[in-house]
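This report refers to the structure that appears directly beneath it.
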Amino acid sequence: MNGAAKGAIVGGVFLAMAGGAAYGVVTLVGDSGEGRSGAGGNGAAGTGAVTSQRAAGPVTEQETAQVAKAFLAAWAAGDARAAADLTNNAQAAQPALADFRSKALVSKAVITPGTPDGTGVPFKVEAEITHAGTPKTFAYDSRLTVVRGAGSGKPLVDWQPSVVHPQLQKDERLRAGTPASPPLKAVDRHGKELAPEQYPSLRPVLDALRKTYGEKAGGTPGVEVWIEPATADAPKRTLATLVEGTPGQLRTVLDADVQAAAEKAVAQYAEASVVAVQPSTGDILAVANHRQDGFNAAMLGRRAPGSTMKIVTAAMLLEKGLVAADRPAACPPSATWDGKAFRNQGGFSLQGQPFSTSFARSCNTAFISLIDDVKDNGALPRVAKEAFGIGLDWKTGIPSQDGAVPVTSGSAAAAEYIGQGPILMNPLNMASVTATARTGTFRQPVLVKASLDGRTLATAPRSLAPGVSAQLVRMMRQTATSGTAAKAMAAVGGSDKGAKTGSAEVDGAAAPDSWFTGFSGDVAAAAMVEGGGHGADAAGPVVAAVLNAS
């Protein structure tokens, strides 16, 4: 910067004046200790740069307010370099902030900080997006946190993609313009529109349907703001429609009434997901998620399902003749396999009770103690795949995960018997497991009929062995009336109902994931609440509400 330049602080942003012209520049010593300057700057001391002495200890409220104000002012002014230099990761922040102008088409922005709470600062973004000469308003709230730089000790904005927009995740970008796929009007099985405004948790599902079927359904694109995904196979997530396009229409097999109940049920819990399936057809009646990240965990999640997996394990043991619903089964307080001890919750045991009671009470040891009699670590994965369709290539109409039950050994094989270890499932998978147990035959779940696009659905090599489905249904009915699911299922009307509870331990989590699956008539549903505790406590009421709506 030449000697004629004059410096001033305006609104927390350093304005450098040279030759009568003003331009925004914020120069700070970076977290690595290297200076970076903006336009015309050299980063040297004495240039009027905003600097901070090396400090230690917690960031003060005054520092938080000052840094947040400067960062937001630079961002609003369109100076991505200056704003990025106020973060602890300028290399990642600068292109994201530059994209805000060039790729999200923001022509003007007013960004207003709120009152700091500790080291956090909420703020409101009011952006004017101009496309084809027409400006449109796009407003939202976000939040930033101020931390000390690891090397410099300076107060800096902790850079996260969510600073730009709260739904942005790693490697995602904010975009605006005319999208590749026209808008899509999805309707349920009865022709009722499934608008995201009315069914908000369906948004990722509708975005995925649009990516797959938008061009085939007709329609013309409008102007939108969306989140470009990190991977090419993921759907974009629409945030706002600035200019309406003409939507094409797509009929799904969802049921608007069941979907509405599912939306309301998951809204009662953080990080909750549920899926409802029709056992006689495989049609998916509802998909709902209540999550901060907008992830479709109901269909894409991969977590241990806990004791809901005992439906599959019981099927395998029944097929091998090692148990029968009405035959006594040992249920000691603990069982050891390959040096690892497994216990029942609270250390309970059952003496002289039939296997159906062990199933209804979720006795871990009744299952694990039979591994030595099975003598085959591949038996459970085979039944899961061959009879329940787990691990086959499901083509639901949008991307989904169809579960994994890998062949393993030692204590991990024992853990799989009770839904722990390397098993990975989601509510869609477990709703399908219950649907298969209900009818004895796997029918691949679908969101749209295969006849729409001619895709080939997954088919299981075989049905359950004769009599196994009837015993599974009987044991699930007992679980729903006098077992661990009785409290939650008491709210479900009618006598034709069954269920299974599950709690899955997760490394590092304060509480286990809550799992629950059940059926009522020709509807099967499964839910998972991350960190929700016991299966009947959180996931149970979600499933009960969905079953009652069918």
**Asked** Name the residues in the range 357-385 that are more than 34 Å from the chain's Cα centre (by Cα) and not aliphatic (A, V, I, L, M), would you?
**Response** Thr357, Ser369, Asp372, Asp373, Lys375, Asp376
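Residues checked against (1) among the aliphatic types (A, V, I, L, M); (2) assigned by TED's automatic domain parsing to the domain that holds Ser400; (3) not in a loop (DSSP other than H, G, I, E, B):
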position: Ala195; (1), (2), (3): yes, no, no
position: Thr212; (1), (2), (3): no, no, yes
position: Ile227; (1), (2), (3): yes, no, yes
position: Ala230; (1), (2), (3): yes, no, no
position: Leu239; (1), (2), (3): yes, no, yes
position: Leu242; (1), (2), (3): yes, no, yes
**Complete:** Screening Lys395, Lys449 for residues that are in contact (Cβ under 8 Å) with a residue 60 or more places away in the chain, surrounded by fewer than 21 Cβ atoms within 10 Å (Cβ to Cβ), over 20 Å from the mean Cα position of the chain (by Cα) and closer than 21 Å to Val277 by Cα leaves only Lys449
**Prompt:** Out of the range 467-513, which residues are closer than 20 Å to Thr441 by Cβ, crowded, with 24+ Cβ neighbours inside 10 Å and not aliphatic (A, V, I, L, M)?
**Reply:** Gly498, Lys500
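If you check Gly389 against the conditions, is it part of a loop (DSSP other than H, G, I, E, B) and modelled with pLDDT under 95? Break it down stepwise before answering.
Values: part of a loop (DSSP other than H, G, I, E, B): yes; modelled with pLDDT under 95: no.
Here the answer is no, as Gly389 does not meet what is asked.
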**Item:** helices (runs of 4 or more DSSP H) wholly inside the range 255-354 that include at least 1 residues being among the small types (Gly, Ala, Ser) and more than 19 Å from Val468 (Cβ to Cβ)
**Value:** 256-266, 297-300
**Item:** Identity of the residue in the range 243-270, over 24 Å from the mean Cα position of the chain (by Cα) and of a type outside the set (D, E, K, R), that ends up surrounded by the most Cβ atoms within 10 Å (Cβ to Cβ)
**Value:** Leu250
**Request:** Tell me which residues, restricted to the range 148-166, are among the aliphatic types (A, V, I, L, M), assigned to a loop (DSSP other than H, G, I, E, B) and surrounded by 20 or more Cβ atoms within 10 Å (Cβ to Cβ).
**Result:** Val164
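Which residue out of Gln66, Gln91 is part of a helix (DSSP H, G or I), at pLDDT 95 or above, surrounded by fewer than 16 Cβ atoms within 10 Å (Cβ to Cβ) and out of contact with any Asp or Glu (no Cβ under 8 Å at 6 or more places or on another chain)?
None of the other options fit; the residue is Gln91.
The values are calculated or read from the model by the stated rules, or taken from the named source; none is laboratory data. Computed from a prediction, not measured in an experiment: that's the story for all the values here. Note that each Cβ is placed from the backbone with ideal geometry, even for glycine, and that neighbours are counted across all protein chains shown.
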